[in-house]
Each structure stands twice: as C-alpha cells, then as structure tokens.
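What follows is a short report on a single structure.
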Amino acid sequence: MNAIGMHYGFWSHNWDEIEYAPLIEKVARLGFDVCEVASATFCTYSDEKLRELKRRADGHGLTFTYSIGLEREYDLASDDPAVRENGVRHVTEILRSMPKVGASILNGVSYAGWQAMPGHGITMEEKRRKEALALESLRRLMPIAEDNGVVYCCEVVNRFEQYLLNTAREGAAFVRQLESPSARVLLDTFHMNIEEDDLVQAILETGELLGHFHVGERNRRPPGSTNSLPWQDLANALKRIGYQGAVVMEPFVLMGGSIPYDIKVWRDLSEGASVPELDRMAGDACKFLRSLFA
Ligand code: MN
C-alpha cells in the first residue's frame, strides 16, 4: 500500500496565502497520509513553528513531503555563478529544515529554474552544457541531502515548464550521473501524458530510480474524476517495479491568483465548486487512489 498524498495548493489562489495548521486538519480529515508542502515557505519557519506543525501532523498520522519549483534567482543551472551559489545556499536551508518536520522527500523542479526557459532554440551541445551546470550544483547538494536523510527527487516535466528533463529516460540518465543514494526521479502523470511515447514503459524503465510519483488527470483535475488516463495500467506498472513511495495528487482547478497563473489555468476547471465541493472532490480522489493502490 502506497501512502496517498495531497499537494498544498488545491484550495488556494495564491502561493503565499496557505495556512498550514488548518490545511493539515483538512487533508487528514479527507483521508490522506501525506501533505505535500511548499519547501520555500517551510524553510523560512522558526524551529518552534516547525515543531508545532509536526506535532499537529503527528497527531493525525500525517507526514510531509517537500515540493520545490526553483525561482529564477535560485536557478542551479544558471550561467551566472552567483545565481547557482544562491540556489545551493537556498536548497541547503531547505534540506536542513526537513528533518525538523520528519520530511524525507524533496521533489519538484529541484535541479534548475522552474519555467526558466532559454531565450532561443538550443542545440544538444548547449543542453549538455546547461545539464553539466545543474549536475555540478547538485553534486554539492547530494552530501547535504544524504546527511539529512533526504531523498532528492528531480521532476521530469513537460517542455513548456523546463528544457532539461522532459522524459523519464532523460530523468534517469541525469540522476544516475549524480551517483548518490539520495538522487531519484519524480514522474508526474500530467507531464508524462504530454511527453512520453508510452506511459507504462516510462515507469518500468525508471524502475528503482523512481523516488516519488505525482498524479492528476490530463487536464490536472483530481485523479479518477475524468478517468482519462489508464490508471489501472499505471498502478500495475508501479507494482511491477516494487515502488514503495508516496503517490501524491497535484490537482489544480481554480482560476485567479498566482497559482492558476503559474499553472496556466485559464478556465474554471472546478465548475464553480464551493469549498465543501472541493473537499468532496479531493476525498473522492483519495478513495480512488486507495482502491487503485490497495
Ligand atoms: Mn508534479
């Protein structure tokens, strides 16, 4: 049985308006095992606040996973060494905060700037050069991840969000080069549906390098709500590779604010849902995943 999780942004319009204490209560009440949280926010919290959030989560048997989408100023593959240095410093702070809340999975666009695209078409040679910059930064971070008991997951995302890792094969090749027991790949059904030739094969080829798994329908509605993806085949593939990690949903359905802007939600995918209706959508998706991964 895989732990089932929910991303923190589902009910919110803005990245900076999340109140974690009530969110923890809600996510636990809806049946989840894991609450995925914003690493950039958590690393700014005092030890006292982190202890308080851990106490609340522990009370519900809930654990945290840390999500990351590096801002441009922290781009670990930047041509500017000062920006890469800033990124290493920032991620080091994040990694050091994680044991304080018992979190052991860092995941997302953790290797370069999220949506930090080149200003022109690039050749394979240029891509390799940028990849080398990312690897150089990450090789500095791996010992810190190892020391803090963190599995460092690099998310394979679609071509409109990043250019280094667009397929599971690219993700696995990248992570292998880090030669660290902490380095893993994160696959996400939303991105896979855009880029992979074969969703099942992508999971099978990633195999033991898979460290985290994100789920959502093709349009990022909650999993099971439109049944547009071959869910049973995906679950079977995860079982075949012996995946023991968490399955975390990342649904985005609301319009308006910084979250829908960054995620490019230009229509009301919630269809006017009230908060209780959003709760029910999340709870139903949790039950759907539980039955799939039982
Ligand atoms: Mn994702």
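A few remarks follow.
- The HN-Hα couplings worked out from phi for segment 158-171 by the Karplus form 6.51 cos²θ - 1.76 cosθ + 1.60 (θ = phi - 60°) are 6, 4, 7, 10, 7, 10, 7, 10, 9, 10, 4, 5, 5, x Hz, whole numbers, x standing for Gly and Pro.
- Between amide H atoms placed 1.01 Å from N, distances below 5 Å from PHE213 occur with ALA246, VAL248, all of them 5 or more places distant or on a separate chain.
- Highest-MSF residue in the chain out of LEU186, LEU95, LEU234 [GNM, Cα springs under 10 Å]: LEU234
- Where only alpha carbons of the chain are counted, the Rg and the Dmax (Å): 17.9, 52
- Taking the accessible area of segment 4-293, probe 1.4 Å, and keeping the other protein chains in place, the carbon and sulfur fraction comes to 48%.
- Accessible surface for segment 4-293, divided over its residues, is 43 Å² per residue with a 1.4 Å probe.
- Stretching ARG89 away from ASP284 to a fully extended chain increases their span by 66.2 nm, per 0.36 nm per residue minus the current alpha-carbon distance.
- Result for the chain in a Gaussian network model with C-alpha springs under 10 Å: among ALA145, ALA282, ALA82, the largest mean-square fluctuation is at ALA82.
- For segment 224-241, 3J(HN,Hα) computed residue by residue from phi via the Karplus equation (6.51, -1.76, 1.60; θ = phi - 60°) reads x, 6, 10, 6, 8, 10, x, 4, 5, 5, 5, 5, 4, 5, 5, 5, 4, 8 Hz, glycine and proline entered as x.
- Rounded to the nearest Hz, the phi-derived 3J(HN,Hα) couplings of segment 28-38 under the Karplus curve 6.51 cos²θ - 1.76 cosθ + 1.60 (θ = phi - 60°) are 5, 4, 6, x, 7, 9, 10, 10, 7, 10, 7, where x marks glycine and proline.
- Choice from ASP16, ASP279, ASP33 showing the highest fluctuation, given a GNM over the chain with Cα pairs closer than 10 Å: ASP16
- Lys, Arg +1 and Asp, Glu -1 on Cβ, resulting dipole of segment 4-293 about Cα centre, debye, nearest 20: 480 debye
- Inter-probe distance in nm under a simple model that places probes 7 Å from Cα toward Cβ, at MET1 and ARG128: 4.9 nm
- Net charge dipole, segment 241-294: roughly 160 debye, given to the nearest 20, about the Cα centre with Cβ charges of +1 for Lys and Arg and -1 for Asp and Glu.
- Less than 5 angstrom separates the built amide H of CYS154 from those of ARG184, VAL185, LEU186, all sequence-distant by 5 or more or on a different chain.
- For GLU36, distant residues with modelled amide H under 5 Å away: MET6, HIS7, TYR8, THR65
- Between the listed residues VAL27, ILE122, ALA40, the Cα displaced farthest toward the positive end of the dipole of the chain, a dipole computed from Cβ unit charges relative to the Cα centre, is found at VAL27.
- Heavy-atom accessible surface of HIS90, to the nearest 10 Å², is about 20 Å², with a 1.4 Å probe and all protein chains retained.
- CD proxy at 222 nm, helix term only [per DSSP H run n ≥ 4: -39500 (n - 2.57); per residue of the chain; nearest 500]: -13000 deg cm²/dmol
- Distance between segment 124-188 and segment 213-278 - C-alpha centres, whole angstrom: 23 Å
The values are calculated or read from the model by the stated rules, or taken from the named source; none is laboratory data. In this text the structure is predicted, and so the values were computed from the model without any measurement. Positions of Cβ are backbone-derived with ideal geometry, glycine not excepted, and every protein chain shown enters the neighbour counts. Please note that ligands, DNA and RNA were not included when accessible areas were found on the heavy atoms of the full protein model with its side chains. Shrake-Rupley method; radii C 1.70, N 1.55, O 1.52, S 1.80 Å.
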